[in-house]
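Trainee: I have a structure here, written as structure tokens, and I will follow up with some questions on it.
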Amino acid sequence: MKNLILAVVLFTTFISNTVLSQTKRTPASFGREEYIEVEKNVKLHITDLGEGEPIVLIHGWPLSDAMYEYQYADFIQKGYRVIGITLRGFGLSDEPGGKYNYDVFADDIKVVLDKLDVKNATIGGFSMGGATVIHYVAKYNAAHVSKMALFGAAAPIWTKRADFNYGLWTKEDVNGLINLNNTNRPELFATFGKIFPANETSVSQGHGAWLGSIQAQASPYAMAEGLKTLRDSDLRSDLKKITIPTLILHGKLDKICSFDLAEQMNALLKNSTLVPFEKSGHALFIEELDKFNSEILNFIKK
């Protein structure tokens, strides 16, 4: 009787193992991390989709990598891997206290690209993200990347000073924005919402609400510290160090980072091409979406 029971148990185990081996699940994902730790207790949200030549995208203040939704969709379909990095303090990334400057942002990007073992990528950045990308490429001698793209970038300097009479903002203006952030953040969002597009109809109400929902995720502390970085930084020396091919996309009607900033970047970058967006303000990635995407992909293919 014991032998019969043992035989039944062994047979049942065999059948169970056979069924499990036949129904073992094939992984559905790419197996890539959605959150990457850049230092102890600080993880960044990463969008990492598609397969092919890599495109790394860095968002502007106070958005997140979610702003590139319509670039992700297009680039993935056309055979590229897209990697969106949300900077600390914004979107779904962690919101630690501490420094929020271009050195910290560049160090974080380096950790992410090291861990992902990215090679020969095109790295692009919008507004403050464009300034961040400039500093990353200069500081790390274009590690992991072979091309750079700047979209409405807040560079070389975002605020006027004695030897730089370009742009629209003074340091006093930005101090006012910091105060507004710390006392009435909804009004700050509304103020930037009005000047973000070229005009009242160039960005739909739906797109405006979508961007507003992304902004609202940002840490108020990170927003204030980011404004201080925008106010005080000078990237002219960084721009002079960069030799990789660079594409500059900039709205002619930009009320946040005026077009004369793009001309200054073009003059300082040895190997750059400036493409004006005649109908766009700061929201060129929406206002002239098809042109925006096609210019980036054409640049990558060269």
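Trainee: Taking the stretch 139-273 on its own, what percent of its Cα-Cα pair distances exceed 18 Å?
Mentor: Working: 5521 of 9045 pairs.
For the stretch 139-273, the share of Cα pairs beyond 18 Å comes to 61 percent.
Trainee: Same structure, new question: Could you order the peptides 269-278, 158-167 from most to least packed, using the average number of other C-beta atoms within 10 Å per residue? Each step should come with its number before you reach the end.
Mentor: Working: 269-278: 16.5, 158-167: 14.9.
Result, highest mean Cβ count within 10 Å first: 269-278, 158-167.
Trainee: Among Leu150, Asn175, Phe192, flag the residue with its Cα farthest along the positive direction of the charge dipole of the stretch 146-201, charges on Cβ as +1 for Lys/Arg and -1 for Asp/Glu.
Mentor: Leu150
Trainee: Only four residue types carry charge here, +1 at the Cβ of Lys and Arg and -1 at the Cβ of Asp and Glu. Report the dipole size of the chain about the Cα centre in Debye, rounded to the nearest 20. Numbers along the way, then the final one.
Mentor: On the way: 32 positive and 34 negative charges, 136 e Å.
With Lys and Arg at +1 and Asp and Glu at -1, about 660 debye.
Trainee: Moving to a separate point now. Per residue, how much accessible surface does the stretch 162-302 expose to a 1.4 Å probe? Answer in Å², no decimals.
Mentor: Details: 6620 Å² over 141 residues.
Using a 1.4 Å probe on heavy atoms only, each residue of the stretch 162-302 averages 47 Å².
Trainee: Distance check, please: which entries in Lys139/Lys171; Lys255/Lys279; Lys228/Lys252; Lys119/Lys241; Lys99/Lys194; Lys252/Lys302 exceed 18 angstrom between their Cα atoms? List each step's numbers first, then the result.
Mentor: Working: Lys139/Lys171 25 Å; Lys255/Lys279 13 Å; Lys228/Lys252 26 Å; Lys119/Lys241 21 Å; Lys99/Lys194 29 Å; Lys252/Lys302 25 Å.
Those over the limit are Lys139/Lys171; Lys228/Lys252; Lys119/Lys241; Lys99/Lys194; Lys252/Lys302.
Trainee: Here is a follow-up. Only bridges with both residues in the chain count here: give the DSSP antiparallel percent, nearest 5. Intermediate values should be presented prior to the final figure.
Mentor: Details: 9 of 36 bridges.
Close to 25 percent.
Trainee: Among Phe189, Phe105, Phe259, which one moves the most in a GNM of the chain with springs linking Cα atoms closer than 10 Å?
Mentor: Phe189
Trainee: With springs only between Cα atoms under 10 Å, which of Lys255, Lys43, Lys99 fluctuates most in a Gaussian network model of the chain?
Mentor: Top of the fluctuation ranking is Lys99.
Trainee: Mind grabbing the base-10 log of I(q)/I(0) for the chain at q = 0.16 Å⁻¹? Debye formula, identical points on the C-alpha positions, no solvent, two decimal places.
Mentor: -1.35
Trainee: Over 16 Å, how big is the tail of the calculated P(r) for the stretch 226-302, in percent of all Cα pairs?
Mentor: Of all Cα-Cα distances in the stretch 226-302, 56 percent exceed 16 Å.
Trainee: Please compute the modelled spin-label separation between Glu172 and Ala267, points set 7 Å along Cα→Cβ, answer in nm with one decimal.
Mentor: In this crude spin-label approximation the distance works out to 2.6 nm.
Trainee: Kirkwood hydrodynamic radius, the stretch 46-131, all distinct C-alpha pairs: what's the number in Å? Each step should come with its number before you reach the end.
Mentor: Details: mean 1/r = 0.0765 Å⁻¹.
After inverting the pairwise mean of 1/r, the radius is 13.1 Å.
Trainee: Could you tell me which GluC sites (Glu not before Pro) in the stretch 164-239 are loop residues by DSSP with no more than 14 other beta carbons within 10 angstrom of their beta carbon?
Mentor: On the way: sites: Glu172, Glu187, Glu200, Glu225; in loops: Glu200.
In loop regions of the stretch 164-239 (DSSP not H, G, I, E or B), the sparsely surrounded GluC sites (Glu not before Pro) are Glu200.
Trainee: Mind checking which of Ala218, Ala267, Ala190 has the largest fluctuation in a GNM of the chain, springs on alpha carbons under 10 Å?
Mentor: Top of the fluctuation ranking is Ala190.
Trainee: Mind checking the dipole of the stretch 48-199: about its Cα centre, +1 per Lys or Arg Cβ, -1 per Asp or Glu Cβ, Debye to the nearest 20? Can you show the working numbers first?
Mentor: Details: 14 positive and 17 negative charges, 71 e Å.
So the dipole magnitude of the stretch 48-199 works out to roughly 340 debye.
Trainee: How much of the DSSP bridge set in the stretch 90-200 is antiparallel, in percent, rounded to the nearest 5? Working shown, then result.
Mentor: Details: 1 of 8 bridges.
Antiparallel: roughly 10 percent of the beta bridges in the stretch 90-200.
Trainee: Starting from the Cα gyration tensor of the stretch 54-188, multiply each eigenvalue by 5, take the square root, and state the resulting semi-axes largest first in whole Å. Mind dumping the intermediate values first?
Mentor: Working: eigenvalues 144, 61, 45 Å².
Value: 27, 17, 15 Å, ordered largest first.
Trainee: Set Lys and Arg Cβ to +1 and Asp and Glu Cβ to -1, take the dipole of the stretch 254-302 about its Cα centre, and tell me which of Ile286, Leu261, Asn298 lies farthest positive.
Mentor: The residue sitting farthest along the positive end of the dipole is Asn298.
The values are calculated or read from the model by the stated rules, or taken from the named source; none is laboratory data. Source: prediction; values computed, not measured. No Cβ is skipped: glycine too gets one built from the backbone with ideal geometry, and neighbour counts run over all protein chains shown. Note: areas computed on protein heavy atoms with side chains; ligands, DNA, RNA excluded. Shrake-Rupley method; radii C 1.70, N 1.55, O 1.52, S 1.80 Å.
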